Amino acid sequence: MMSEDQASNRMWGGRFASGPDAVMEAINASIGFDKKLYAQDIRGSLAHAAMLAKTGIISAEDEKKIAEGLKTILSEIENGKFTFSTRLEDIHMNVEARLAELIGHAAGRLHTARSRNDQVAVDFRMWVKEELERVDGALGGLIEAFLTRAEEHAASVMPGFTHLQSAQPVTFGHHLMAYVEMFGRDRSRVRDAIERLNENPLGAAALAGTGFPIDRHMTSAALGFREPTRNSIDTVSDRDFALEFLSISAICATHLSRLAEEIVIWSTPQFGFVRLSDSFSTGSSIMPQKKNPDAAELIRAKTGRINGDLIGLLTVMKGLPLAYSKDMQEDKEAVFDAAETLDLMLAAMTGMIGDMEINTQAMKKAAGAGFSTATDLADWLVREAGLPFREAHHVTGRAVALAEQKKCGLEKLALEDLTAINPAITEDVFSVLSVANSVKSRTSYGGTAPTEVRRQIRTWRKRLKRDAQTFKKG
Ligand code: ARG
């Protein structure tokens, strides 16, 4: 005969030996992860209680007790003296239950004109807003790091690639500035998202608002929101701000992963364009010659997690009827994971960019390979000899074939060889065949010429300064 214990073990598995109650508690509880919201939860409750007192919904005396109790709880949590309980489900009920232990009867008045539905919405919005502000700062730091390196290398030549085949020479500074553009767009997405989420959900209550004479403008001001949200049903069912954070993170991570991949390629002995510092690489335990770009590889890989977080929450929200459903409790882990991951990726990339060594010699050598100035020859034929571009392209093709045959660069061909292909070619053509002259000539707005790159850097420095002034936290 099987004992009762064994039977329930078989049904529920070892972890849930005590049966359905334990399973329900485990699936229902969010305290394991939403305790991260404790500071926001307490701040929200303080603002709510102050408003309830100001509007005469609770007494000043009760508010005082509530506020003191909440501050005690805050310090208990911060000092690791608070016992979180799964039985109490989530951060909201954990805090409220402790408040009742501390101040008794008055604690029960805090939840007047409020529901956990607007409470969780306000807590989570505040958390996401703070994280977006952190990301904004981190992106500013990353852009600064790029500007410093781009300035050093405004005139260092490297091969520019399409299809990962050498295409035309560019400057390394220009290549780095391409990332400044990407991270600049990420930063502006962050600021747009903050602008949109900057509305206070508190006061929407369960879904329909409340009959109590609450003042939502007062709590908005206290919690640093621009204004209250306008529709109570939308307010408790909206998680767009979380989805926006995740999509911004996924796009930013994608940018980071492209750079990470380039760093992986550049740091191979075959390329040898950059050398990572020991802080961001590791040796191999078996092959002593190796230096592996682990941090870059992990940045590349962690993008997958963030994409997963985004798809996860999109899938949770898809098809959910209005207003609140418990499904939405699944929003937090995705956001917390993406936030932690992105913060780390940004920090690692900023460090790596700041201290990687650039091998300008190797870049220069590679920049001249693969007939990278062929377009310059074609352009010269158009400009100086009046050939239509298509014909110039054809003439250049023949010059490239000849150089290939002679196993030399275009600039090493004899003038007679070139005039034999097209008599309009003169000595002057050699002035555009060198890599340095090629990049110097690309002065079009946004082009790779060192003068243009320096202009872009100046513009970005001004923009960073302006951004620092226009963005006020809180
Ligand atoms: N822990 C819940 C969540 O994160 C809080 C809201 C619960 N609301 C409710 N009606 N059960 O979504």
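All of the numbers you see were taken from the coordinates with simple rules; none came from a lab. The shown structure was predicted, so the numbers you read here are calculated from the model rather than taken from an experiment. FYI the Cβ positions are ideal-geometry reconstructions off the backbone, even for glycines, and counts take in every protein chain you see.
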For T451, net neighbour charge (Lys/Arg +1, Asp/Glu -1) across residues whose Cβ lies under 14 Å away | +3
In nm, the gap between the two label points placed 7 Å beyond Cα toward Cβ at L298 and E384 is 5.3 nm
Could you name the lysines whose alpha carbon sits less than 28 Å from that of K407, not counting residues in the same chain fewer than 8 places away?
-> K364, K365, K440
Anchor K465: lysines whose Cα lies under 17 Å away (excluding residues fewer than 8 positions away in-chain) = K473
Determine the gain in length on full extension of the stretch A362-E78; use 0.36 nm per residue of separation and subtract their C-alpha separation, reporting nm with one decimal.
-> 97.0 nm
Rounded to the nearest 0.05, what FRET efficiency do T426 and R454 give with R0 = 30 Å and r taken as the Cβ-Cβ distance? Could you check?
-> 0.40
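Would you work out the Kirkwood radius for the chain? I mean one over the mean of 1/r across all pairs of different Cα atoms, in Å.
Numbers: mean 1/r = 0.0372 Å⁻¹.
In the chain this quantity evaluates to 26.9 Å.
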Measuring from the longest principal axis of the C-alpha atoms of the chain, the long axis of helix 240-266 (C-alpha) lies at a number of degrees, nearest 10, equal to 30 degrees
Would you mind getting me the FRET efficiency between L415 and T443? Use the beta-carbon distance for r and R0 = 25 Å, nearest 0.05.
-> 0.40
With Cα atoms, 0 to 90° folded angle of helix 374-385 axis to the chain main axis | 60 degrees
Identify all lysines with a Cα-Cα distance to K318 below 20 Å; exclude those on the same chain that are fewer than 8 residues away in sequence.
-> K326, K332
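Determine, from the Cβ-Cβ distance of I265 and A100 and an R0 of 35 Å, the FRET efficiency 1/(1 + (r/R0)^6), rounded to the nearest 0.05.
Details: r = 60 Å, r/R0 = 1.72.
Efficiency, rounded to the nearest 0.05: 0.05.
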Give me the angle, in degrees from 0 to 90, between the Cα long axis of helix 294-317 and the longest principal axis of the Cα atoms of the chain, rounded to the nearest 10.
-> 50 degrees
In order over the stretch 140-150: 3J(HN,Hα) from phi, Karplus 6.51/-1.76/1.60, θ = phi - 60°, whole Hz, x for each Gly or Pro, gives x, x, 5, 4, 4, 4, 5, 4, 4, 5, 5
Potential extension, R463-E195 segment - 0.36 nm per residue separation minus Cα distance | 94.6 nm
Full-extension gain in nm, E391 to T86, via 0.36 nm per residue minus C-alpha separation = 102.1 nm
Please pull out the direction-averaged projected area of the stretch 190-315, using the convex hull of its alpha-carbon atoms, in nm² to one decimal place.
-> 11.6 nm²
